[in-house]
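Participant: Please find one structure pasted underneath; my questions will follow.
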Amino acid sequence: MPERKQAARRAPARVDHPFKGIALVLLSTVFLGCSDVTAKYLSTSLPSIEITWIRFLTFALMFTPVMLPASPLYAMRTERLGLQLMRGAALLGSSLFFITGLRFLPIAEASATGFVSPLFVTALSIIFLSEKVGLRRWLATALGLVGVTIILRPGSNAFHVAAFFPIVSAFCWAAALILTRMISGREAVLTTMAYSALTGVALLTVMVPFVWVTPSWSAIGLGIFIGIASTVGQWIIVLAYRYGDASVLAPFSYTQLLWVSILGFFIFGELPDVWTITGAAFIVASGLYIAHRERVRRAQILVLEERSPNA
């Protein structure tokens, strides 16, 4: 009986419908872009730890039905508690470092730099997933690092030490993706999201008293909006990946750069300079090629499995 209940809580089987998946990814970038822009606006009045705490508290409240033992949606049973807690901590780090960077950097620059996560995923997949990475993927990774260097321009007057925050955020996000792969197929999606919310709230509740600034009602409202928008955006991504492979859908997440650039211009008067645009082009090209190689690699694996007499 427990096995049947656990199976019922798992995500529905994947359906090959890539156009629906692409549409959902594009929709998710609107929510995530609005969340980032609002976080930057709020960072002028509240510490990043407090903003992140409100975000994760909202996240946890939205998943309360999943956490109540008497609820028919209860999904807190896990066989990978350690991995779930590590994923939650990594997700928290990604949010906290990114919001901290937004306080000091133009949003387009922070967002473009944050998109280097596929580079970190490539490196971490070798260590934790025992994947083999070919020369072409390493060259694509190097291209992405060139893009980061163009945006940051270390050694120039334009360089800001806060530029490292989006990079650390991208590393944390890559770690969260690797941990997601490690528990994928073994844990329900609701379980993973609930533990991420609880881990973030628990850690931030310990930290937030040290930086607490009493927020206004409008700031509380904006913080709740950040939590709802980011949670809905992440959930739409989960839905999107039921309809298509990650290698097909991931490139469309770069449209988030367009939204944050437009909103950044109208709200903060920030216009991406030629260095940010050029560096972002390198990073996007790198990510697109890595996604292409991932698609080729999976196709080759499927061919080998079809030819194997033991398949």
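Participant: Using modelled amide H (1.01 Å from N, peptide plane; none on Pro or chain starts), what sits under 5 Å from the amide H of E131, excluding residues fewer than 5 places away?
Facilitator: I126
Participant: Using modelled amide H (1.01 Å from N, peptide plane; none on Pro or chain starts), what sits under 5 Å from the amide H of S45, excluding residues fewer than 5 places away?
Facilitator: So S45 has HN proximity to no qualifying residue.
Participant: Under a 10 Å cutoff between Cα atoms, tell me which one of R87, R293, R103 has the largest fluctuation in the Gaussian network model of the chain.
Facilitator: The residue that fluctuates most here is R293.
Participant: May I pose another question? Name the residue farthest towards the positive end of the dipole of the chain from the options T122, Y243, A110, assuming +1 on Cβ of Lys and Arg, -1 on Cβ of Asp and Glu, about the Cα centre.
Facilitator: Result: Y243, furthest along the dipole toward the positive end.
Participant: Now, a different point. Just how large is the dipole of region 41-115 about the Cα centre, in debye to the nearest 20, putting +1 at every Lys and Arg Cβ and -1 at every Asp and Glu Cβ? Can you show the working numbers first?
Facilitator: Values: 5 positive and 3 negative charges, 33 e Å.
Its charge dipole is roughly 160 debye.
Participant: Using a 1.4 Å probe, what is the accessible area per residue for the chain, in Å²?
Facilitator: Working: 15780 Å² over 311 residues.
Result: 51 Å² of accessible area for each residue.
Participant: Mind checking the dipole of the chain: about its Cα centre, +1 per Lys or Arg Cβ, -1 per Asp or Glu Cβ, Debye to the nearest 20?
Facilitator: Values: 24 positive and 14 negative charges, 163 e Å.
The dipole magnitude comes to about 780 debye.
Participant: If you don't mind, there's one more thing I want to ask. Pop out the carbon and sulfur fraction of the accessible area of the chain as a percent, whole number, probe 1.4 Å.
Facilitator: Details: 11090 of 15780 Å².
Ligands and nucleic acids excluded, carbon and sulfur reach 70 percent.
Participant: May I ask you to order 132-142, 281-291 by the average number of other C-beta atoms within 10 Å around their residues, highest value first?
Facilitator: For the peptides 132-142, 281-291, the packing ranking is 281-291, 132-142.
Participant: Given (i) 62, 51, 33; (ii) 62, 49, 36; (iii) 131, 41, 28 as candidate values of Cα extents along the principal axes in Å, which corresponds to the one derived from the coordinates?
Facilitator: Recomputing Cα extents along the principal axes in Å here picks out (i).
Participant: Each residue of region 89-95 in order: what ³J(HN,Hα) in whole Hz does its phi give by Karplus 6.51 cos²θ - 1.76 cosθ + 1.60, θ = phi - 60°, with x for Gly and Pro?
Facilitator: For region 89-95, the Karplus-derived couplings read 5, 5, 5, 4, x, 4, 5 Hz, x marking Gly and Pro.
Participant: Go through region 114-130 residue by residue and turn each phi into a ³J(HN,Hα) via Karplus (6.51, -1.76, 1.60, θ = phi - 60°); whole Hz please, and just put x for glycine and proline.
Facilitator: x, 7, 7, 3, x, 5, 5, 4, 4, 6, 5, 5, 5, 6, 9, 10, 6
Participant: Could you go through region 73-84 in sequence order and give the Karplus-derived ³J(HN,Hα) for each residue, using 6.51 cos²θ - 1.76 cosθ + 1.60 with θ = phi - 60°, rounded to whole Hz, and x for Gly and Pro?
Facilitator: So the Karplus estimates, Gly and Pro as x, are 8, 3, 9, 8, 6, 9, 9, 10, 4, x, 5, 5 Hz.
Participant: Another question about this same structure. Toward the positive end of the charge dipole of the chain, about the Cα centre and with charges on Cβ (Lys, Arg +1; Asp, Glu -1), which of F19, L271, S45 goes farthest?
Facilitator: Toward the positive end, the furthest listed residue is F19.
Participant: Under a point-charge model restricted to the Cβ atoms of Lys and Arg (+1) and Asp and Glu (-1), what is the dipole moment magnitude of region 12-169 relative to its Cα centre, in debye to the nearest 20?
Facilitator: Values: 12 positive and 6 negative charges, 51 e Å.
Dipole size: approximately 240 debye.
Participant: Sticking with this structure for a sec: Quick check on packing: order 105-113, 226-234, 119-127, 209-217 by the mean number of other C-beta atoms within 10 Å, highest mean leading. Please list the in-between numbers first.
Facilitator: Values: 105-113: 26.2, 226-234: 21.0, 119-127: 18.4, 209-217: 10.6.
Ranking the peptides 105-113, 226-234, 119-127, 209-217 by packing returns 105-113, 226-234, 119-127, 209-217.
The values are calculated or read from the model by the stated rules, or taken from the named source; none is laboratory data. All figures in this text were calculated on a predicted structure; none of them were measured in a lab. Every residue, glycine among them, receives a Cβ derived from its backbone with ideal geometry; neighbour counts consider all protein chains shown. When the accessible area is computed, the model is the full protein with side chains, heavy atoms only, and any ligands, DNA or RNA have been set aside. Shrake-Rupley method; radii C 1.70, N 1.55, O 1.52, S 1.80 Å.
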